[in-house]
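Structure first, commentary second.
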Amino acid sequence: MSTFLILQLRPEDEASDDEYAAFLDKGGLDAAQTRRIRLDREPLPEGLDPRDFAGVIVGGGPGCLSDDPATKDPTEARIEAQILSLMPTITAHDLPFLGCCYGIGILAHHLGGAVSKARYGEAVGAVTCTATAAAADDPLLADLPLEFDAFVGHKEAVQALPQGCTHLLSSAPCPFQMIRHGANVYATQFHPEADAEVFATRIRTYRSHGYFDPSEADELIRACQASRVQVPERILANFIAYYG
């Protein structure tokens, strides 16, 4: 199996390490099969080419693409610019890409689509995703049920399907839960790597980041632990198997 490039942007060690471990676990990967870059700590190496990897996976984070550039955290602005710098090569060559949560905003923005807080934000917790007709022929989704629950929690969202994209999954509060550009460039609004314990770590980590009232954290964790979120990780596993 070739190496997968995993780009992370969470500045909190526990959340970042937990996310990376989840990518390995749910994707069936060994650390030796990945190149992990924490963009909050280091820039992209000069000359890094996404064509040298079996696929590129982008994790989530607390930043919002649509935040005012004048007040955006400088580290978040740098990370955003660096990931966006890879997208022309990825989309032009239709390279395997899986953007998780933050990654759907990156893909849509690169393609000229609107990403904002105007509509479609979702509270922290499980939401039911529904397959579109196009999902039946998609290699990452063909063996999945037509409806399944996934963990979400986001302030901004894609406002309209970007040009050249196929709509694969929707939910009642947010229509664009999964899209594909070309044949191989994917992005999800939900977190395909997150099970209840992974999401509990994030609830504790980001309890003061404006996603929910901090006093609700324990209740949200209990609700996540009571949810039956098992299908999304199969999308990540399918991505690794298909392109690895």
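The values are calculated or read from the model by the stated rules, or taken from the named source; none is laboratory data. It should be emphasised that the depicted structure is a prediction, and the values quoted were computed from it without experimental measurement. With ideal geometry, Cβ positions are generated from the backbone for all residues, glycine too; neighbour counts draw on all protein chains shown.
Name the single residue, out of those in the stretch 171-221 being in contact with a Leu (Cβ under 7 Å, 6 or more places away or on another chain) and part of a loop (DSSP other than H, G, I, E, B), that is nearest to ASP25 (Cα to Cα).
The selected residue is GLU193.
Among the residues in the stretch 148-159, are any touching a residue at least 40 places away in the same chain (Cβ under 8 Å) and part of a helix (DSSP H, G or I)?
No - not one qualifying residue is present in the stretch 148-159.
Would it be correct to say that ALA135 is buried (at least 20 other Cβ atoms within 10 Å of the Cβ), modelled with pLDDT of 95 or more and either in contact with a Phe, Trp or Tyr (Cβ under 9 Å, 6 or more places away or on another chain) or not in a strand (DSSP E or B) (or both)? Walk me through how you get there before you give the answer.
Details: buried (at least 20 other Cβ atoms within 10 Å of the Cβ): yes; modelled with pLDDT of 95 or more: yes; either in contact with a Phe, Trp or Tyr (Cβ under 9 Å, 6 or more places away or on another chain) or not in a strand (DSSP E or B) (or both): yes.
Yes; evaluated as a whole, the condition is true for this residue.
Name the pairs: first residue in the stretch 200-228 and closer than 24 Å to PHE148 by Cβ, second residue aromatic (Phe, Trp, Tyr) and surrounded by 13 or more Cβ atoms within 10 Å (Cβ to Cβ), Cβ to Cβ under 7 Å, at least 6 apart or on different chains?
That search, which allows pairs on different chains as well, returns LEU220/PHE212; CYS224/PHE151; CYS224/PHE199.
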